[in-house]
Amino acid sequence: MNRIAILITMLGVGACTPSAPPSSTPQVSAAAVSYFDSTGRDDVLSGGVKLIPITTPKGTFRVWTKRVGNNPRIKVLLLHGGPGATHEYFEAFDSYFPKQGIEYYYYDQLGSAFSDQPKDPGLWDLPRFVEEVEQVRVALRLDSSNFYLLGQSWGGILAIEYALKYQQNIKGLIISNMMASIPAYMEYAEKVLMPAMDPKVLAEIMAIEAKKDYDNPRYMELLIPNYYVLHILRMPPEQWPDPVNRTFARLNKDVYIPMQGPSEMSSSGKLEKWDRSADLGKITVPTLTIGAQYDTMDPKYMEKMAGLFGKGRYLHCANGSHLAMYDDQKAYFDGLIQFIEDVDQGRL
């Protein structure tokens, strides 16, 4: 027997031909088969990943997206925070959406993680980001019969702006952990969050900010135990989930600072005066706002926001903070999934 024949014998004749499953193999439900059926999709080879060309005034760039699942009626596009953060902290959704049959899309905005990262500061502009989302929607073939847009933190600003211009394309809107007014957010920080801090710690933080010494290691040494673990993610830092750590490690400051500003407790960038509180009534598609008791965003304001939308609902995470999808996970996902199912069934 020659070497090739021996190799074929070792690997098994017809190694790429599936054999009949053993009789003890568990049966997979029809719903599960349908959810993972990628028939006719143009992203099968890449496991759901698609690099989408985005046309901008500064040229054409590519942004990274990844589809999970298959549901012709429910497709959720996830808008991450930052600006300049990444899709990675949304990976908690893998533990909840698939078993509910919800199709969803990870998406790194231009300048983030797996997407192109051009250096032109003229690209970091809210209206341009809105047009980017619209181009992504078109490329992913999402429409008003199935398109749910979920924005968290900065992604919530982007989702509101997108809905004000393109709500005719949306089936359901979710604004997670983001107030409709940066001035109101800053007022909440100044009047509620900061006074609750140790006065000596706050004074030292403010002194560092006054000097614009944001790269000083002492800045984060103070913020993590006195601000982050109280209002961003209520877990000891050594227990922070890996997706969260990866997101923070990849944060693109070239995008974050021009838009948000360097301070972690206020805003001084292009978004400093952003305020859409008077325009929320123009959004008539079913909308869920998600607030959390210990968030950097005022939960009472988030509840009030829900009443301003044409068809609004509020979800309160009593144990959560800015990343309530982690520190109040069950409440977050139970309420979110219920909203999506209610919209899908015409109950909202």
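Being in contact with a Cys (Cβ under 7 Å, 6 or more places away or on another chain), assigned to a helix (DSSP H, G or I) and farther than 19 Å from His80 by Cβ, is that true of even one residue in the range 335-343?
Of the residues in the range 335-343, the ones in contact with a Cys (Cβ under 7 Å, 6 or more places away or on another chain) are none.
No, because not a single residue in the range 335-343 is in contact with a Cys (Cβ under 7 Å, 6 or more places away or on another chain), assigned to a helix (DSSP H, G or I) and farther than 19 Å from His80 by Cβ.
List every residue pair whose Cβ atoms lie under 8 Å apart, where the two residues are 6 or more positions apart in sequence or sit on different chains, the first residue falls within the range 296-320 and is without any contact (Cβ under 8 Å) to a residue 40 or more places away in the chain, and the second residue, located anywhere, is assigned to a helix (DSSP H, G or I) and charged (D, E, K, R).
Here the result reads Tyr314/Glu303; His316/Glu303, each pair linking the range 296-320 to a residue that is assigned to a helix (DSSP H, G or I) and charged (D, E, K, R).
Scan the range 94-119 residue by residue and report those that are outside any loop (DSSP other than H, G, I, E, B) and in contact with a Leu (Cβ under 7 Å, 6 or more places away or on another chain).
Tyr104, Tyr105, Tyr106, Tyr107
Starting from the range 208-228, keep only residues that are closer than 19 Å to Thr296 by Cα, then list their pairs with residues that are part of a helix (DSSP H, G or I) and of a type outside the set (Asp, Glu) whose Cβ atoms are within a distance under 7 Å, requiring at least 6 positions of separation or different chains.
Pairs found: Tyr219/Ile208; Leu222/Val201; Leu222/Ile205; Leu223/Ile205; Ile224/Pro237; Asn226/Val201.
Given the criteria under 20 Å from Lys270 (Cα atoms) and surrounded by fewer than 16 Cβ atoms within 10 Å (Cβ to Cβ), does Asp94 qualify?
Values: under 20 Å from Lys270 (Cα atoms): no; surrounded by fewer than 16 Cβ atoms within 10 Å (Cβ to Cβ): yes.
When the stated conditions are applied, Asp94 does not pass them.
Looking at the range 316-334 only, could you name the residues that are in contact with an Asp or Glu (Cβ under 9 Å, 6 or more places away or on another chain) and in a helix (DSSP H, G or I)?
Ala324
I'd like to verify a number: residues in the range 195-210 that are surrounded by 15 or more Cβ atoms within 10 Å (Cβ to Cβ), of a type outside the set (Asp, Glu) and farther than 16 Å from Val229 by Cβ, how many? Walk me through it before giving the result.
Looking only at the range 195-210, we keep the residues that are surrounded by 15 or more Cβ atoms within 10 Å (Cβ to Cβ), and these are 197, 202, 204-205, 208-209.
Restricting the remaining residues to those that are of a type outside the set (Asp, Glu) gives 197, 202, 205, 208.
Adding the requirement that they be farther than 16 Å from Val229 by Cβ leaves 208.
The number of residues fulfilling the criteria is 1.
Does Gly261 satisfy the condition of being surrounded by 16 or more Cβ atoms within 10 Å (Cβ to Cβ) and free of Cβ contacts under 8 Å to residues at least 12 places away in the same chain? It would help to see each step written out before you state the result.
Working: surrounded by 16 or more Cβ atoms within 10 Å (Cβ to Cβ): yes; free of Cβ contacts under 8 Å to residues at least 12 places away in the same chain: yes.
Yes.
When you look at Met259, is it out of contact with any strand residue (DSSP E or B) (no Cβ under 7 Å at 6 or more places or on another chain), modelled with pLDDT of 95 or more and assigned to a loop (DSSP other than H, G, I, E, B), yes or no? Step through it out loud before you land on a result.
Values: out of contact with any strand residue (DSSP E or B) (no Cβ under 7 Å at 6 or more places or on another chain): yes; modelled with pLDDT of 95 or more: yes; assigned to a loop (DSSP other than H, G, I, E, B): no.
Here the answer is no, as Met259 does not meet what is asked.
Among Glu161, Glu209, which is over 30 Å from Ile54 (Cβ atoms) and of a type in the set (D, E, K, R)? Step through it out loud before you land on a result.
Details: Glu161 fails: over 30 Å from Ile54 (Cβ atoms).
Result: Glu209 is the single residue among Glu161, Glu209 that is over 30 Å from Ile54 (Cβ atoms) and of a type in the set (D, E, K, R).
Looking only at the range 140-148, decide whether some residue is in a helix (DSSP H, G or I) and of a type in the set (Lys, Arg). Lay out the reasoning, then the answer.
Applying the first criterion (in a helix (DSSP H, G or I)) to the range 140-148 yields 140.
Going one step further and asking which of them are of a type in the set (Lys, Arg), we end up with none.
The answer is no; no qualifying residue exists.
Which of the numbered conditions does Gly122 fail, given that it passes all the others? Conditions: (1) closer than 30 Å to Asp328 by Cα; (2) part of a helix (DSSP H, G or I).
(1)
Of all residues in the range 289-309, which are within 25 Å of Gln167 (Cβ to Cβ), in contact with a Leu (Cβ under 9 Å, 6 or more places away or on another chain) and not in a helix (DSSP H, G or I)?
Thr289, Ile290, Gly291, Phe309
Which numbered condition trips up Val136, out of (1) part of a helix (DSSP H, G or I); (2) touching a helix residue (DSSP H, G or I) at 6+ places or on another chain (Cβ under 9 Å); (3) surrounded by fewer than 22 Cβ atoms within 10 Å (Cβ to Cβ)?
(2)
The values are calculated or read from the model by the stated rules, or taken from the named source; none is laboratory data. The shown structure was predicted, so the numbers you read here are calculated from the model rather than taken from an experiment. Glycine gets a Cβ as well: all are built from the backbone with ideal geometry, and neighbour counts include every protein chain shown.
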